[in-house]
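The values are calculated or read from the model by the stated rules, or taken from the named source; none is laboratory data. Predicted model only: the values in this text are computed from it and were never measured. In this analysis, Cβ positions are derived from the backbone assuming ideal geometry, glycine residues included, and neighbour counts consider all displayed protein chains. Just the protein is used for accessible areas: all its heavy atoms, side chains included, with ligands, DNA and RNA removed. Shrake-Rupley method; radii C 1.70, N 1.55, O 1.52, S 1.80 Å.
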Amino acid sequence: MLSFGSDRRDLFRDVSAMMESLGLLVVEVSQDKEKGSTNMRVVLTKEGSDITTDDLEAAYNVLYPMYQVVCENRDLNLEVSSPGLQRNLKDYSEFRVFKGRDVRVYSTEYSSYVSGKIVDSDDSSLVLGAYLIEDKKESGESITLKFDTIAKAKLECRWEEKKK
């Protein structure tokens, strides 16, 4: 199940503010502390284009010194990565981050997967353009899905379109 509110955590907001200056969007931030070390994982993307290894390197170079100070005497293990081509979405806020990307969601309202391009998202619903309700073979220009009817979602990569 997708969750609400990961974008409202302090750590998420702090990292987002730092990444904004680099033109990057934060998808997910997690931090675990164990036995004298801190493990931190940051997943980033870029609006309007694919994220590059140079982007990830720049993000690492900004985040590591900052959080090395914040973590004080703990060893810091920092992982900075892209979301991948077929990321399983974990939070409803990710629909806003991936606006314009293809997604595939399981809708309990239709008891089927619905795929399409993310057009818009607010606090309660998702709008998909050029959608297809897979089991019903029904398609159209736009469909609105309430979050409480979305059981799971993942980014979709259409390989045949990438070959052009």
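In table form, for the structure just shown:
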item: For Ser142, solvent-accessible area (1.4 Å; no DNA, RNA or ligand), Å²; result: 70
item: Relative contact order (%) - region 1-101, alpha-carbon pairs under 8 angstrom, separation at least six; result: 34
item: Cross-link table Lys35/Lys90; Lys46/Lys90; Lys99/Lys137, entries beyond 21 Å C-alpha to C-alpha; result: Lys35/Lys90; Lys99/Lys137
item: Largest-first ordering by accessible area, 1.4 Å probe, given options Lys137, Lys90; result: Lys137, Lys90
item: Region 15-39 and region 52-131: distance between their alpha carbon centers, rounded to Å; result: 13
item: Sulfur and carbon atoms: percent of accessible area, the chain [1.4 Å]; result: 46
item: Pair-distance profile P(r), taking every C-alpha pair of the chain, with 10 angstrom steps and integer %; result: 10, 36, 30, 17, 6, 1
item: Charge dipole (debye, nearest 20) of the chain; +1 at Cβ of Lys and Arg, -1 at Cβ of Asp and Glu; result: 340
item: 1.4 Å probe accessible area per residue over the chain, in Å²; result: 59
item: Principal-axis tilt of helix 53-70 within the chain, Cα atoms, nearest 10 degrees; result: 50
item: Accessible-area order (highest first, 1.4 angstrom probe) of the listed residues Leu132, Leu11; result: Leu132, Leu11
